[in-house]
1. Each label point is 7 Å from the Cα along the Cα-to-Cβ direction; what then is the distance between the points at residue 24 and residue 209, in nm?
2. Of 175, 27, 125, which is the most mobile in a GNM of the chain whose springs link Cα atoms less than 10 angstrom apart?
3. Would you work out the relative contact order for the stretch 36-80, in percent, from Cα pairs under 8 angstrom that are 6 or more residues apart?
4. By average Cβ neighbour count within 10 Å, what is the ranking of 33-39, 79-85 from highest down?
5. What is the percent carbon and sulfur in the accessible area of the chain, measuring with a 1.4 Å probe over the protein chains and ignoring ligands?
6. Where the centroid of each part is defined by its Cα atoms, how far is the stretch 38-52 from the stretch 134-171 in Å?
7. Enumerate the helices in the chain for which the Kyte-Doolittle hydropathy averages -1.0 or more and the C-alpha atoms extend at least 20 Å along the helix's axis, using complete DSSP H runs.
8. Using the Karplus equation 6.51 cos²θ - 1.76 cosθ + 1.60 (θ = phi - 60°), what ³J(HN,Hα) coupling, rounded to whole Hz, does each residue of the stretch 118-124 give in order, writing x for Gly and Pro?
Amino acid sequence: MTVTLITGANKGIGYETARQLLELGHTVYVGARDAERGAKAAAELGARFVQLDVTDDASVARALAEVDAAEGRLDLLVHNAGVLETGLDAAAAVRSFDVNAIGIVRVTEAALPLLRRSADPAVVTVSSSMGSFWAVTNPERPESQFPLALYAASKAAATMLTVQYAKAHPGIRFTAVEPGATATDMTAAFGIGRPVADSARVVVRLATQGPDGPSGTLQDEAGVLAW
C-alpha cells in the first residue's frame, strides 16, 4: 500500500487529492498546521492526521517522525501547502517564500530518509503557471493579467527547487504540477477557477504515474508546460 503525506491537506486541492488517493488505496497522512481542522478533515476522509506547519522545523520533524514510527517509509510526498499574498512588502515576502518555497525544502529534507526506503519514491509539488516566465509574459495567457509578484516569484522558486532536487536525487521522481485555476479559499477574491475535484485529478495523475514517468518537470493537463 502506498504511504502518502500531503501538506496543507485540510481543505481545497490538498483535501480532494487526499480523498482521491484514498480511493486508490493509499494510506494518506493529512498534514495541516491547525490541529483541530486537520484532525477533523482526516476523520471525514478516513485518513490519518499529523500536525505539520511547513514554516516550523520542529513541527516538520515531529510529523515525519510520526510517519516513520507508524510506516517505516514514505512513498509519496505532495507539497500542497501554500499562501497567496496580494500585497507587496517585506513581511508579505517573508510569509510567501517561507510557505511556498522554504517550506518545500524543510519538508523534503526531513522526508528524504523515509523516501529512500520506498521502492518507488515520488515527490509532487503543487506549483503554478504564475511562476512561469513564459506564461506571465505571454499576452495570450491569463497569467499575464495578474500582478501577483510574491506568489509568482515564490512559485517560480518552488518549480526551480523541483528541478534541482530531481538532479540531486535521481532515484526519486520530482514533479511540479500546474493543476489549473481552481475555485478555493485562496482564489475566492478573484472569482475564478474550476471545481477542486478537477484540479486534484491532475495532481493525482502526476502522483501515480509510476517509475517511468518524467522527473524534474512542470506539467499541466496537456503535458509539459513551457518554462
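1. 1.2
2. 27
3. For the stretch 36-80, the relative contact order is 20 percent.
4. 79-85, 33-39
5. Answer for the chain: carbon and sulfur cover 56 percent of the accessible area.
6. Between the Cα centres of the stretch 38-52 and the stretch 134-171 lies a distance of 30 Å.
7. 57-71, 149-168
8. 8, 6, 8, x, 8, 10, 10
The values are calculated or read from the model by the stated rules, or taken from the named source; none is laboratory data. Remember, predicted model here, so these are calculated numbers, not experimental data. Reconstructed Cβ throughout: ideal geometry from the backbone, glycine too, with neighbour counts over all protein chains shown. SASA here: full protein model, heavy atoms, side chains in, ligands and nucleic acids out. Shrake-Rupley method; radii C 1.70, N 1.55, O 1.52, S 1.80 Å.
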